[in-house]
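Have a look at the structure below before the remarks.
The values are calculated or read from the model by the stated rules, or taken from the named source; none is laboratory data. These numbers were taken from a predicted model, which means no experiment stands behind them. Every residue, glycine among them, receives a Cβ derived from its backbone with ideal geometry; neighbour counts consider all protein chains shown.
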Amino acid sequence: MNKILKKLVYLLLILFSLNLNANSDEKIKIGILIPITGEDKKLGQLIIKATRMAIKDINDDRLEIYPKDTNSNPKQTLKSAIQFKEMGIDIVIGPIFYKNLAYLNEVENITFLSLTNKTINLPKNIISTGINATSQINTIKKFLKLKEINKTIFLIPNVDYEPEVKKAIKQSKIKISKHYIYETEPTKLTKQIEEITNYNIRKQNLADEISRVEGSDLTETEKERRINKLEKKYTLGKVNFDSVIISDFDESLKSVVTSLLYTDILPKNKYIITFNQWFDESLLDETNLQPMYYPSINKKNLEIFEKKFNNEFDEKPNHLALLSYDLVALVYYLSLKKNLSEINKLFNDKNSFKGKIGVFDIENNKINHRLNFYKIDNKEIKEIF
């Protein structure tokens, strides 16, 4: 009985503490560090509108945002960040781009919720809030377990985010048979895919089998039947994997899958899994590449947000606008637990927050996302989980 009473008292103290914060007249000031000028200003405008929409929906007069310009330039970003410090702002949403983080370690006592999805070599006061590689691979891992897929190869392009993917593979402890780094130049890519899939050996196996049947003692009718069947194939022999994970996007992704098709690796026979494609509609018409699987944010919530945003501002938002909307709500939620001057401590504690994108898991100064999983098939996007 004493234990139950202690728990009740503890819960009441927490609720009382939250209520004190909720009823405080102290302003909740959030800096917004985005491109207001320069070539990326359109993106900045969308984010400002999304954060204003979040404030309207939260409907708390204490909540205020203060936008400042990065001009997509690291030095201008630092200048604006120093101005935030002088204003007494402790939490900032932004900047968007990884390159703009370069000098922010010089600004103490401010936590920056950057919209980047990169997690390597971040200053201590930066928290990456984008859909990072670890979040995506964790979701893919869940799908592999669901389908009992045990033989998976991982294809990583030789580009700047290669280290991010390798780090995520290690952190997620996903079970893969082998990973390959490939060149994105088409001729080199095709040759590498041929080697990965043992294409020349399987092609030769087919030629050898046709020759064997032609020289066999079978009747001419049976020979003709078997040879006709073999000639409908492109290769003969199995490959040592059940699924392929491709950490690529846009036309480069299409090139990789097309190369797999060329080597007789068909999506109907092997699971073709890729990274978050943000519901790229151009993939819907690529029926020869289907079915294709990938993790992403909650599609229904995105569509609701897009409709609401369009009604409010007569334009379509992007996924960064939705992320910015959620981050305002996340900061507000955390501010009810602790003063903003101590909010950096909450990012070290284990917390979860459900936003429009999905669930944010916060721990050790990092944010990971619990994502949904989708399948593109027959020109439709279908939710798996």
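Quick notes on this structure:
- Count of the range 292-316 residues which are among the hydrophobic types (A, V, I, L, M, F, W, C) and either more than 22 Å from residue 42 (Cβ to Cβ) or in a strand (DSSP E or B) (or both): 2
- Checked against the criterion of being out of contact with any Leu (no Cβ under 8 Å at 6 or more places or on another chain) and outside any helix (DSSP H, G or I), the candidates 164, 148 yield just one match: 148.
- Those residues of the range 109-126 which are surrounded by fewer than 19 Cβ atoms within 10 Å (Cβ to Cβ), farther than 15 Å from residue 30 by Cα and either over 19 Å from the mean Cα position of the chain (by Cα) or touching a residue at least 60 places away in the same chain (Cβ under 8 Å) (or both), in sequence order: 123, 124
- The residues on offer are 194, 209, and the sole one that is closer than 17 Å to residue 178 by Cβ and assigned to a helix (DSSP H, G or I) is 194.
- Number of the condition not met by residue 213 [criteria: (1) within 19 Å of residue 197 (Cβ to Cβ); (2) surrounded by 16 or more Cβ atoms within 10 Å (Cβ to Cβ)]: (1)
- Output for the range 39-57, where each listed residue is exposed (fewer than 15 other Cβ atoms within 10 Å of the Cβ) and either among the β-branched types (Val, Ile, Thr) or in a loop (DSSP other than H, G, I, E, B) (or both): 39
- From the options 349, 361, 314, residue that is among the acidic types (Asp, Glu) and buried (at least 16 other Cβ atoms within 10 Å of the Cβ): 361
- All strands (runs of 3 or more DSSP E) inside the range 343-385 with 2 or more residues being closer than 23 Å to residue 120 by Cβ and either assigned by TED's automatic domain parsing to the domain that holds residue 111 or free of Cβ contacts under 8 Å to residues at least 60 places away in the same chain (or both): 359-363
- Residue 131 vs. criteria part of a loop (DSSP other than H, G, I, E, B) and within 17 Å of the chain's Cα centre (by Cα): yes
- Restricting the range 241-291 to residues that are on the phi > 0 side of the Ramachandran plot and either in contact with a Gly (Cβ under 7 Å, 6 or more places away or on another chain) or not in a helix (DSSP H, G or I) (or both) leaves a set whose member that is surrounded by the fewest Cβ atoms within 10 Å (Cβ to Cβ) is 278.
- The selection criterion, being touching a Pro at 6+ places or on another chain (Cβ under 8 Å) and either without any contact (Cβ under 8 Å) to a residue 40 or more places away in the chain or crowded, with 21+ Cβ neighbours inside 10 Å (or both), does not hold for residue 66.
- Residue identified as assigned by TED's automatic domain parsing to the domain that holds residue 249 and either touching a Phe, Trp or Tyr at 6+ places or on another chain (Cβ under 7 Å) or in contact (Cβ under 8 Å) with a residue 40 or more places away in the chain (or both) among 181, 176: 176
- Which numbered condition residue 361 misses (of (1) closer than 30 Å to residue 254 by Cα; (2) under 15 Å from the mean Cα position of the chain (by Cα)): (1)
- Some residue of the range 24-37 being in the same structural domain as residue 309 (by TED's automatic domain parsing) and free of Cβ contacts under 8 Å to residues at least 24 places away in the same chain: no
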